[in-house]
1. In the Gaussian network model of the chain, springs joining C-alpha atoms below 10 Å, which of 183, 166, 194 carries the largest mean-square fluctuation?
2. At a Förster distance of 45 Å, what's the computed FRET efficiency of residue 214 paired with residue 25, Cβ-Cβ distance as r, to 0.05?
3. Need the full-extension length gain, residue 45 to residue 317, defined as separation in residues times 0.36 nm minus the C-alpha distance. One decimal, nm.
4. How do 220-226, 131-137, 59-65, 78-84 rank on mean C-beta neighbours within 10 Å, highest first?
5. May I ask you to evaluate 6.51 cos²θ - 1.76 cosθ + 1.60, the Karplus curve with θ = phi - 60°, for each residue of the range 90-107 and list the ³J(HN,Hα) values in order in whole Hz, giving x for glycine and proline?
6. How would you rank 105, 290, going from fewest to most other Cβ atoms within 10 Å of each one's own Cβ?
7. Per DSSP H run of n ≥ 4, the term is -39500 (n - 2.57); total these for the chain, divide by its residue number, and report the mean residue ellipticity at 222 nm rounded to 500 deg cm²/dmol.
8. Can you give the FRET efficiency to the nearest 0.05 for residue 182 and residue 151, using r as the Cβ-Cβ distance and R₀ = 22 Å?
Amino acid sequence: MVPSSIVSIKSKEINMDFRFVHATTSYEKEMAHHLLLSRGLMIDDHVTETINLYVLDECIGTISYDDNVIKMIAVKENHEKENLTGVLLQYVMRLFEVKGIGKYFLFTPLQNAIIFQNLGLKLISQTEHIALFENAWHPIDQTLEKLASSISFFGTKRAGIVMNCNPITLGHLYLIETCAKENDDVIIFLVETNRSVFPFDIRFRLVKEATKHMKNVHILPSTPYIISPATFPTYFLKEVSEASDMFIQLDLTIFKEHFFKVFKLTSRYVGTEPLDLSTAHYNEAMKKIFGSSLHVIERLERNQAVISASKVRELMKNHAYDELKKWVPEATYQFLLSSEGKALFLWWIRFF
């Protein structure tokens, strides 16, 4: 049975019952897609749940969310003046309250941004195409200021590096060491989203161990504001598309407007990317948005091959432990040889 709930809504135009239907069937999902397309909105299949709003047998509104990110909100054109966007949003907010989700975000096309500003959400950043909002609980600058206050800085020349380190390689280490030599402080924003082979806590531990000889290197979680389902949901799909272009612009705009400001960064560092098309695309966008504050460092090579985390995972899969040692720091190598490391990798191979 399709879960649904009834709510009575009164407005100047109408006074009747509306029904929320959780889209668990292909029919309900098609109804949502049809409404989105009719309003010229983009369809994203990466959702936790979609909820449709009905009056009698007519679907007049839809809303979706992916974890704590609300998106794909549409109301039928002839019902636009009935504040149904607010009704849809309030319904999902109640769902989040039941689920214990205190922090949430909302994507919307730029032309609809004013609607959500009027509903009390806080704008994080916007581009020429999309806007990202959040609720008032622990807003972005408050979150970043708390992290910044945990660092004892050595000087004013500060660089930021955003890394996934899945796992950390000698290539990553070379980029960090180069950056550390050229700056008073280096802040590594380690991607916190757990959609990689190596979970965040393990990646953080290995990066910390591998960089402990550099006293001016500080490692922080990236927060939900860098390469996350909220800012860049297509990143882990490794695709280059119109949608990924929009999310790249948003992700980098957030970094420029908020991270540079709060951490008083003077530059961002990145390595060249000759292998991965989507990452190379991201790097090109950085050049346009950051300009002269972006420093691009040539990638480290071994035997005329670029050192990459994907190559390390391939060597691990083939049990090429002697060769593996040439590609990773000692901390990574010891972990990969450990029972914990082998069990993690075996699990990944088996299920993915």
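What follows draws every value from the coordinates through simple rules; no lab data is involved. What you are looking at is a predicted structure, and each value in this text was computed from that prediction instead of being measured. With ideal geometry, Cβ positions are generated from the backbone for all residues, glycine too; neighbour counts draw on all protein chains shown.
1. 194
2. Numbers: r = 55 Å, r/R0 = 1.22.
For R0 = 45 Å, the calculated efficiency reads 0.25.
3. Numbers: separation 272, 0.36 × 272 = 97.92 nm, distance 3.08 nm.
Result for the pair: 94.8 nm of gain on full extension.
4. Working: 220-226: 20.7, 131-137: 18.9, 59-65: 23.7, 78-84: 15.4.
Descending packing order for the listed peptides: 59-65, 220-226, 131-137, 78-84.
5. Each residue of the range 90-107 in turn: 4, 5, 5, 4, 5, 4, 4, 4, 5, 7, x, 8, x, 10, 9, 10, 9, 8 Hz.
6. On the way: 105 23, 290 18.
The most exposed by this proxy come first: 290, 105.
7. On the way: 13 runs with 133 residues, N = 352.
About -11000 deg cm²/dmol.
8. Details: r = 18 Å, r/R0 = 0.83.
Here the calculated transfer efficiency is 0.75.
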